[in-house]
1. Can you tally the net charge around Trp30? Count Lys and Arg as +1, Asp and Glu as -1, for every other residue whose Cβ sits under 14 Å from the Cβ of Trp30.
2. Could you state the accessible area per residue of the chain in Å², with a 1.4 Å probe and every protein chain left in place?
3. In the Gaussian network model of the chain, springs joining C-alpha atoms below 10 Å, which of Arg245, Arg167, Arg37 carries the largest mean-square fluctuation?
4. Which ³J(HN,Hα) values, rounded to whole Hz and listed in residue order, are derived for segment 144-158 from phi using the Karplus coefficients 6.51, -1.76 and 1.60 in 6.51 cos²θ - 1.76 cosθ + 1.60 with θ = phi - 60°, glycine and proline given as x?
5. For the charge dipole of segment 1-114, defined by +1 on Lys and Arg C-beta atoms and -1 on Asp and Glu C-beta atoms about the Cα centroid, which residue among Phe23, Pro11, Ala47 has the Cα displaced farthest towards the positive pole?
6. Length gain on complete extension for the stretch Arg203 to Val162, per 0.36 nm per residue less the alpha carbon to alpha carbon distance?
7. Under 1.5 on a/c is rounded, so check that first for segment 37-159, then, if it is not, pick prolate when a/b is larger than b/c and oblate when it is not; a ≥ b ≥ c are the square roots of the alpha carbon gyration tensor eigenvalues.
8. Using the Karplus curve 6.51 cos²θ - 1.76 cosθ + 1.60 with θ = phi - 60°, what ³J(HN,Hα) values do you get for each residue of segment 210-222, in whole Hz, with x for Gly and Pro?
Amino acid sequence: MTSIAGAELTPAGAAFDAVAESFDARFGEWLSVTAQRAAVRAALLDAFPAGARLLEIGGGTGVDAAWLLARGRSVLLTDAAPAMVRAARAKLGPASAEMLAAEQLDQLATRGENFDGAFSNFAALNCVIDLAPVGEALARLVEPGGKAVLVVFGCCCPGEMVVEGLRGRFGNMFRRRHRGAVPARLSGRHFTVRYHRRRDMVRALSPWFALVRTTGVGIFVPPSAAEPWISAHPRLLALLQRIDRIVAWPLWFFGDHILFAFERRPEVAAP
């Protein structure tokens, strides 16, 4: 781990910290990201009613948290990168974002925090190799009957296979099929990711949460690897979005991302 300004950074936290200042400008303009984000946001509104207090895991610069705040939800954002947290505080206010890795969520439970629900978007949890501590912490943090909406990378993304193959990056075509830690790099920083299967997600949150829905995000809408080409074809992208809405449940396995919606079981005590 790398120590910066007295705080312990995970390797993934250090990598994303290095790109925080340019993160919104880089990804905010990409229409593929906007399309996938829209699908996730619809699920968030469905899961969390107005007035709900939510925990966001790996919230980055606070784009989703700010959107939910404008729609009557309150959010405590957590992220492992201090520069991401600073950017989020600028959007949300200083008390609404904390530097905390997903593996450290138990610290919130220790101080007595509780939430109506929790969510994580765009694969922040893929930077966590062992999800068991996350599941235990959420069991203590989420109120009985509350929801946890967790979005991670899919393990079989045909769109990525096509794009990486066309670009000659053949080693990336099947990287999501690996079951252990997979090397990754961002802005010259090295870290590892893990492509969690559905059974991994269920095991990590059992017995405290029941899986109630599995949805594919970005089945026909291509991954960000297709940028900037796909952003130059908005009509095609709009058509692909409409197709995704139809096949999101039956073809969930082929999503660029997979949305897992869990519900906290009232009858199972927190660990």
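The values are calculated or read from the model by the stated rules, or taken from the named source; none is laboratory data. It should be emphasised that the depicted structure is a prediction, and the values quoted were computed from it without experimental measurement. Heads up, the Cβs are rebuilt from the backbone with ideal geometry, glycines too, and the neighbour counts pull from every protein chain shown. When the accessible area is computed, the model is the full protein with side chains, heavy atoms only, and any ligands, DNA or RNA have been set aside. Shrake-Rupley method; radii C 1.70, N 1.55, O 1.52, S 1.80 Å.
1. My count for the surroundings of Trp30 gives -2.
2. Normalised by residue count, the accessible surface of the chain is 46 Å².
3. Result for the chain, Cα springs under 10 Å: Arg167 fluctuates most.
4. With the stated coefficients, segment 144-158 comes to x, x, x, 10, 10, 10, 10, 10, 10, 4, x, 9, 8, 10, x Hz.
5. Highest projection toward the positive end goes to Ala47.
6. 11.6 nm
7. Note, shape of segment 37-159 comes out rounded.
8. 10, 6, 10, 7, 10, 10, x, 10, x, 7, 9, 4, x
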